[in-house]
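Input: a single structure, listed below in structure tokens.
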Amino acid sequence: MSPDGDLETLMVRYQQGDFAAATALVHRLSPRLHRFFVVQFASRGAADDLLQETWLRIHEVRHTYRAGQPVLPWLYAIARHIRVDHYRKASRTSAREASLEELPEAAAPPRPGFARTPDMAELLAPLSESQREVIEMLKIAGMSLEEVARATSSSVGSVKQKAHRAYERLRERLAGGLS
Amino acid sequence: MKDREIDDILKQAAQAPHDVDPALLDRIAGSIGSTLRPVRPLPPAWLLAGGLVLICGAVAVAGAARLGFAGVRNLSTWERALIFPALGILIWLAAAAWAGETIPGSRRRVSPASLLGVASVVLLGIFAVLFRDYHTDHFVSRGVACLSAGLLHAVPTAIAGWLLLRRGFAVNSVAAGLAAGILAGLAGVAMLELHCANFQALHVMLWHTAVIPIGGALGALLGWRRDSTSG
């Protein structure tokens with residue numbers, strides 16, 4: 001059985017109330033989700049909070065998953081929603097200072113030669129938010145263009161365009177970092 | 001630097017272990033387990049969209065039955081054959097878009113914003129081709145009456161649709177609201193085409209078609225309000 005097929009089976013069992021399946025999903029999918037939040041400029045502490053919040057929401061809306069559909073687009077669509085909601089709430093409760101404190105850390109210029117020992121958050125720092133999430137889903141989570149399009153509620157063409165632009169920026173950045 | 005080299009760098013970075021505190025995972029699994037019970041999955045998106053189409057049709061026909069079918073009676077066969085199938089297709093597209101917006105990770109064939117443009121342009125085009133009477137008798141008073149009637153019929157469509165989709169989860173409330181408003185607006189336009197016998201081109205093009213963008217804007221506004229007040 002393919003890993004994705006395995007995830008689909010686990011999701012269906014989770015919907016049926018199988019605790020072992022729920023636990024397996026939490027352990028298998030959490031590192032991906034956590035990295036997704038870290039790459040999106042969240043600190044590890046914030047990523048922990050976002051991860052918990054995401055699972056809470058996944059649990060609430062688990063009935064919206066349709067058997068036979070890919071799990072990852074469904075999961076990442078919810079994770080994106082939580083991330084956007086989190087930043088909206090943070091800005092509303094004037095946590096602006098806190099997010100500004102986090103930014104320089106993530107957007108710091110690359111260390112010389114960082115391309116040889118790359119840290120993902122640092123590597124993707126020069127990209128826009130939407131480019132980062134597309135690259136994260138395509139290259140780290142290993143999702144297909146179609147799956148990323150589903151997760152981001154956009155077209156495959158738009159995903160390709162974002163990935164292309166992201167690669168252009170990465171090329172400039174890496175060339176600069178290596179020189 | 002070639003794409004393949006960037007691929008390799010990203011792959012290398014992706015392979016770096018990314019551990020999450022096991023205690024955190026146990027806590028998450030524990031909290032899920034404490035409220036775990038079987039749930040009934042949502043019906044397929046096409047079934048939800050079919051339900052929305054039925055609601056739309058029912059509201060339009062019920063509204064015209066109350067106000068009279070003067071419009072459809074006075075339309076020629078050619079006009080009926082162009083207007084109602086086009087409305088049917090647009091209603092199906094809007095219903096599919098709204099249902100899709102309430103299921104995370106759904107395939108999006110057309111974005112609600114594009115649908116708003118397509119629906120408005122298609123109807124404007126059809127009305128411009130079919131109606132050539134450019135008189136503007138009682139333009140505003142009759143227009144406002146039609147616009148109000150269209151919007152009044154959009155409201156029950158939106159409410160009934162929301163009841164049908166209430167178990168869904170919209171990851172983008174503004175897009176879901178926009179799709180809902182477009183569908184509700186199309187129900188209003190369908191009712192007006194069945195009822196309104198004023199075939200002056202500018203009346204139909206402006207006041208009838210306007211129900212769709214106004215419905216869409218109100219839906220998007222409600223979605224935005226929901227987002228900005230949640231939590």
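Please work out which residue is nearest to the other protein chains (Cβ to nearest Cβ), limiting yourself to segment A:123-179 and to residues that are β-branched (V, I, T) and over 17 Å from A:R83 (Cβ atoms).
Per the criteria, the residue is A:V156.
Looking at (1) touching a residue at least 24 places away in the same chain (Cβ under 8 Å); (2) away from chain A (no Cβ under 14 Å), which is the only condition B:I103 fails?
(2)
If only one of B:A81, B:A23, B:A14 is surrounded by 16 or more Cβ atoms within 10 Å (Cβ to Cβ) and of a type in the set (G, A, S), which one is it?
Answer to the selection: B:A14.
Picking from A:L170, A:L145, A:L178, which residue would you name as being surrounded by 15 or more Cβ atoms within 10 Å (Cβ to Cβ), modelled with pLDDT under 90 and among the aliphatic types (A, V, I, L, M)?
Within the list A:L170, A:L145, A:L178, the selection yields A:L170.
Which numbered condition in (1) facing chain B (nearest Cβ under 7 Å); (2) over 24 Å from A:R132 (Cα atoms) is the only one that A:T93 fails?
For A:T93, the exception is condition (1).
Looking only at segment B:125-134, count every residue that is hydrophobic (A, V, I, L, M, F, W, C) and surrounded by fewer than 16 Cβ atoms within 10 Å (Cβ to Cβ) and tell me the total.
2
Answer yes or no as to whether A:A42 is modelled with pLDDT under 70, at the interface with another protein chain (Cβ under 10 Å from one of its Cβ atoms) and not in a helix (DSSP H, G or I).
No; evaluated as a whole, the condition is false for this residue.
Collect the residues in segment B:70-92 that are within 10 Å of the chain's Cα centre (by Cα) and farther than 16 Å from B:T209 by Cβ, keeping them in residue-number order.
B:W92
Would you mind telling me which numbered condition in (1) surrounded by 19 or more Cβ atoms within 10 Å (Cβ to Cβ); (2) under 21 Å from A:P73 (Cα atoms) B:W46 fails?
(1)
Which count do you get for residues in segment B:131-165 that are of a type in the set (G, A, S), closer than 27 Å to B:L222 by Cα and over 14 Å from the mean Cα position of the chain (by Cα)?
So the answer is 5.
In segment B:21-36, what residues are over 15 Å from A:E53 (Cα atoms) and over 40 Å from the mean Cα position of the chain (by Cα)?
Scanning segment B:21-36 gives B:D21, B:P22, B:A23.
Yes/no matrix, rows are residues, columns are (1) out of contact with any helix residue (DSSP H, G or I) (no Cβ under 6 Å at 6 or more places or on another chain); (2) of a type in the set (K, R); (3) not in a helix (DSSP H, G or I):
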| site | (1), (2), (3) |
| --- | --- |
| B:V118 | yes, no, no |
| B:G161 | no, no, no |
| B:R166 | yes, yes, yes |
| B:F169 | no, no, yes |
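For the subset of segment B:1-51 comprising residues that are touching a Gly at 6+ places or on another chain (Cβ under 7 Å) and touching a residue at least 40 places away in the same chain (Cβ under 8 Å), which member is farthest from the other protein chains (Cβ to nearest Cβ)?
Result: B:A45.
When the residues of segment A:13-38 are narrowed to those that are at the interface with chain B (Cβ under 9 Å from one of its Cβ atoms) and surrounded by fewer than 17 Cβ atoms within 10 Å (Cβ to Cβ), which ends up modelled with the lowest pLDDT?
Residue satisfying both the conditions and the ranking: A:P31.
Take segment A:48-58 and flag every residue that is touching a residue at least 24 places away in the same chain (Cβ under 8 Å) and within 7 Å of another protein chain (Cβ to nearest Cβ).
Passing the criteria: only A:W55.
Here's a check for you: in segment A:66-77, which residue that is facing another protein chain (nearest Cβ under 7 Å) and out of contact with any Gly (no Cβ under 8 Å at 6 or more places or on another chain) is farthest from A:A149 (Cα to Cα)?
Across segment A:66-77, the extreme among qualifying residues is A:A67.
All but one of (1) assigned to a helix (DSSP H, G or I); (2) under 30 Å from B:L42 (Cβ atoms); (3) touching a residue at least 60 places away in the same chain (Cβ under 8 Å) hold for B:S228; state the number of the condition that does not hold.
Every condition holds for B:S228 apart from (3).
Among the listed residues B:R80, B:R4, which satisfies the condition of being more than 30 Å from A:Q52 (Cα to Cα), at pLDDT below 95, outside any loop (DSSP other than H, G, I, E, B) and not polar (S, T, N, Q)?
B:R4
Taking the conditions exactly as written (among the hydrophobic types (A, V, I, L, M, F, W, C) and outside any helix (DSSP H, G or I)), does A:A67 satisfy them or not?
Judged against the criteria, A:A67 is a match.
So which residues in segment A:127-145 are free of Cβ contacts under 8 Å to residues at least 40 places away in the same chain and part of a helix (DSSP H, G or I), if there are any at all?
The answer is A:S130, A:Q131, A:V134, A:I135, A:L138, A:K139, A:L145.
Regarding segment B:135-156, can at least one residue be identified that is crowded, with 18+ Cβ neighbours inside 10 Å, assigned by TED's automatic domain parsing to the domain that holds B:R108, outside any helix (DSSP H, G or I) and of a type in the set (A, V, I, L, M, F, W, C)?
Within segment B:135-156 (the criterion being crowded, with 18+ Cβ neighbours inside 10 Å, assigned by TED's automatic domain parsing to the domain that holds B:R108, outside any helix (DSSP H, G or I) and of a type in the set (A, V, I, L, M, F, W, C)), the answer is no, since none of the residues qualifies.
The values are calculated or read from the model by the stated rules, or taken from the named source; none is laboratory data. These figures come from a predicted structure and were not determined experimentally. Note that we place each Cβ from the backbone using ideal geometry, even for glycine, and neighbour counts take in every protein chain shown.
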